[in-house]
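Working notes, structure below.
Any read-out appearing in this document is the output of simple, stated calculations on the displayed coordinates, not a laboratory observation. Computed from a predicted model, the values in this text were never measured in an experiment. Note that each Cβ is placed from the backbone with ideal geometry, even for glycine, and that neighbours are counted across all protein chains shown.
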Amino acid sequence: MSVRVFVTGGTFDKEYDELTGTLHFDETHLTEMLQRGRCMIDVSVEVLMMIDSLEMKESHRVRIVQACREAVETQIVITHGTDTMVDTAQVLAEQLPGKTIVLTGAMVPYAFGSSDGLFNLGSALSFAQTLPPGVYIAMNGRYFTAGNVAKNRDVGVFEERTGNGEAR
């Protein structure tokens, strides 16, 4: 059993420039994270893009859908920025039946050392192997079905949506 991991950027892979005080992208940390987490499953990592999810456009989502569709693996993890992760999950759910796709991200960059990214990546890999086909978001040890999740920006966590579409 093999899991494909698609990298799209997001806080997961951001670096801090001490001279300018800004966050930016260099390379993905995924290989290092898999090694550090002592991952024992067959994982194939592919970088699709390295962008902040607030910069994600429809064309980026089309590329993500196409990559998932073309992947021979039926179990897929996508690292993604948390600001628009829910939107991408919904697009994938509408267009890709038959695969188990789990989106995950981080609230703190992995490079900071205190990131939730390593835990979220491990959870996403586990959920991708055990959940039935569908599209999910995995954050903080929980998983949520696409279309039934929202980011609670006040506390920085993902929650199930209430009847009015807001996080509980």
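Computed FRET efficiency, Cβ-Cβ of Gln35 and Val108, R0 25 Å: what is it to the nearest 0.05?
Working: r = 20 Å, r/R0 = 0.80.
Between Gln35 and Val108 the formula returns 0.80.
May I ask you to work out the translational diffusion coefficient for the chain at 20 °C, viscosity 1.002 mPa s, via Stokes-Einstein with Rh from the Kirkwood sum over Cα pairs, reported in whole µm²/s? Result for D is 136 µm²/s.
Compute the longest continuous run of the chain that contains no exposed GluC sites (Glu not before Pro); treat a site as exposed when its DSSP state is not H, G, I, E or B and it has at most 14 other Cβ atoms within 10 Å.
Numbers: sites that count: Glu18, Glu27, Glu166.
After excluding every exposed loop site, the longest remaining stretch is 28-165.
Which number comes out as Rg/Rh for the range 96-145 once both Rg and the Kirkwood Rh are worked out on C-alpha atoms?
Values: Rg = 11.4 Å, Rh = 11.1 Å.
My calculation of the ratio gives 1.03.
Taken along the Cα-to-beta-carbon direction at a fixed 7 Å, the label points for Val155 and Gln129 span 3.0 nm. By the rule of a C-alpha distance below 15 Å, with chain neighbours fewer than 8 residues away ignored, the aspartates and glutamates paired with Lys151 are Asp83, Asp87, Glu159, Glu160, Glu166. Computing FRET efficiency as 1/(1 + (r/R0)^6) for Glu27 and Glu94, where r is the C-beta to C-beta distance and R0 is 41 Å, gives about 0.85.
Suppose only helical runs count, i.e. DSSP H with n ≥ 4. What mean residue ellipticity at 222 nm does that imply for the chain under -39500 (n - 2.57) per run, divided by all residues and rounded to the nearest 500 deg cm²/dmol?
Details: 4 runs with 45 residues, N = 168.
Rounded to the nearest 500, the figure is -8000 deg cm²/dmol.
Computed from label points 7 Å out along Cα-Cβ, the spacing between Ser44 and Thr74 is 1.6 nm.
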